[in-house]
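Reviewing the structure listed below.
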């Protein structure tokens, strides 16, 4: 990002998206909705459970400050993609990058990154005081059903001096189409040729063993009530339920716990990998660096390149810009890692292609852009 552009910097204002969407009374009346002084406009979304805790907080705060209610259903990334294809929501959400097959069904759909999180390997081993340490091959062998006992020599070798229980291992996995599953299986596919050959990566895979549960909430609940179990969830679900998390050996050989710093380290080189067309569909699992947590991912909001109702399109893009500009502190409070300012700026500029209405009007003024200020803050600038 060129931070030295000689442009006039204008302080960014959230009302900048298309000017004044909340006061478009003529279109509101046509759609049976009143303006800012009346009932709220409702945006509907569905998808990933991975970011649900932060989305719930963000949408609640935004709705309290704006005449917009956000109804987000945490149904899994697969469900979010499906509802975008079926055109039953204003926006979708996914942790798994859209495939070319997906894009063939919803061409031009934008994948706008919002935050970075970690998938924790959590477990229920009563009496175990020390944090469990696991490496890639051991995790793969557990979920392949090859390691069936907690006292297996391969687990014991990673945890010298730790009194592992004499229990069967009960793997717990997602039963629904899940971006968290995609991130977890993407990691296993990167680090284990056995896993890649037998199972592979995907929102939904054929699990060789274990119990299934719906959503991060379901996996968390199943692990919590099942001694001897092990599962994978977005790390906030483990934290909120006081479940332990394993330290995972990264590609540098360091055992790393999921944390904001470790997740940020995993995404350290992300900006350089984004192509010029701002296709944000990139994997950051098994990242390089001694401090990087190896099972990390960013998550996306899915935005159609064209929406029929301009007021609805303007409200949605205003919401996303608020998330990108104002949401970092709330993300940190829930142990998500915020995007770098450079990536946030690129994401906001990427949304300039979105159009609305029968005249295909640009929702964001094409003469408006975003750059980095000298204080590393995103600002709105006027081109020309």
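Readers should treat all values here as calculations from the given coordinates under stated rules, not as data from a laboratory. Because the structure is predicted, anything quoted here is derived from the model rather than measured. Glycine also receives a Cβ, built like all others from the backbone with ideal geometry; neighbour counts cover every protein chain displayed.
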Subject >> Ratio Rg/Rh [Cα only; Rh per Kirkwood] for segment 196-237 >> reply: 0.99
**OP:** Go ahead and estimate [θ] at 222 nm for the chain from helices alone: -39,500 (n - 2.57) per DSSP H run with n ≥ 4, summed, over the residue count, rounded to 500.
**Re:** -9500 deg cm²/dmol
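Working out 0.36 nm times the residue gap between residue 240 and residue 57, then minus their Cα-Cα distance, what length gain in nm do you get to one decimal? Let's see the in-between values first.
Numbers: separation 183, 0.36 × 183 = 65.88 nm, distance 1.47 nm.
My answer for the length gained is 64.4 nm.
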Original post:
In cubic angstrom, how much convex hull volume per residue do the alpha carbon atoms of segment 73-211 span?
Top reply: 132
Original post:
Across the Cα atoms of segment 254-309, what radius of gyration and what greatest pairwise Cα-Cα distance (Dmax) are found, in Å?
Top reply: 14.4, 51
Original post:
Based on the mean of other beta carbon atoms within 10 Å per residue, what is the order of 224-235, 141-152, most packed first?
Top reply: 224-235, 141-152
Original post:
At what distance in nm do the modelled label points of residue 163 and residue 88 sit from each other, each positioned 7 Å from its Cα along Cα→Cβ?
Top reply: 5.2
Subject >> Stokes-Einstein D for segment 163-295, Kirkwood Rh over Cα pairs, 37 °C, 0.692 mPa s (µm²/s) >> reply: 205
**OP:** Report the far tail of the P(r) of segment 84-140, meaning the percent of Cα-Cα pairs longer than 20 Å.
**Re:** 53
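Quote the convex hull volume per residue of segment 282-343, based on C-alpha atoms, as a whole number of Å³.
Convex hull of Cα atoms, per residue: 116 Å³.
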**OP:** Note the angle between two axes, namely the Cα long axis of helix 77-86 and the longest principal axis of the Cα atoms of the chain, as a number of degrees from 0 to 90, rounded to the nearest 10.
**Re:** 40
Subject >> Packing-based exposure ordering (other Cβ within 10 Å, fewest first) of 132, 158 >> reply: 158, 132
**OP:** Pull out the extension gain between residue 269 and residue 332, defined as 0.36 nm times the separation in residues minus the alpha carbon to alpha carbon distance; nm, one decimal.
**Re:** 20.7 nm
**OP:** Find how many whole Å separate the alpha carbon centroid of segment 228-304 from the alpha carbon centroid of segment 153-211.
**Re:** 16
Original post:
Using 7 Å Cα-to-Cβ label points, what is the residue 196/residue 259 separation (nm, one decimal)?
Top reply: 3.1
Original post:
Among 84, 348, what is the fewest-to-most ranking by other Cβ atoms within 10 Å?
Top reply: 348, 84
**OP:** Kindly provide the pair-distance distribution of segment 46-121 built from C-alpha pairs, with 10 Å bins from 0 and whole-percent values in order of increasing distance.
**Re:** 18, 49, 28, 5
Subject >> Taking 299, 220 and counting other C-beta atoms within 10 Å, the order from fewest to most >> reply: 220, 299
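Quote the FRET efficiency, to the nearest 0.05, computed for residue 156 versus residue 209 with a Förster distance R0 of 30 Å and r equal to the Cβ-Cβ distance.
Values: r = 21 Å, r/R0 = 0.68.
That gives a FRET efficiency of 0.90.
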**OP:** Using only Cα atoms, find the angle between the long axis of helix 179-191 and the longest principal axis of the chain, and express it within 0 to 90 degrees, rounded to the nearest 10.
**Re:** 50
**OP:** Could you give me the percent of Cα pairs per 20 Å distance bin for the chain, shortest bin first, beginning at zero and ending with the bin that holds the maximum distance?
**Re:** 28, 53, 18, 1
Subject >> Length gained when the stretch residue 276-residue 361 is fully extended (0.36 nm per residue, less Cα-Cα span) >> reply: 28.2 nm
Original post:
Using the alpha-carbon atoms, what tilt in degrees (0 to 90, nearest 10) does helix 215-225 show relative to the longest principal axis of the chain?
Top reply: 30
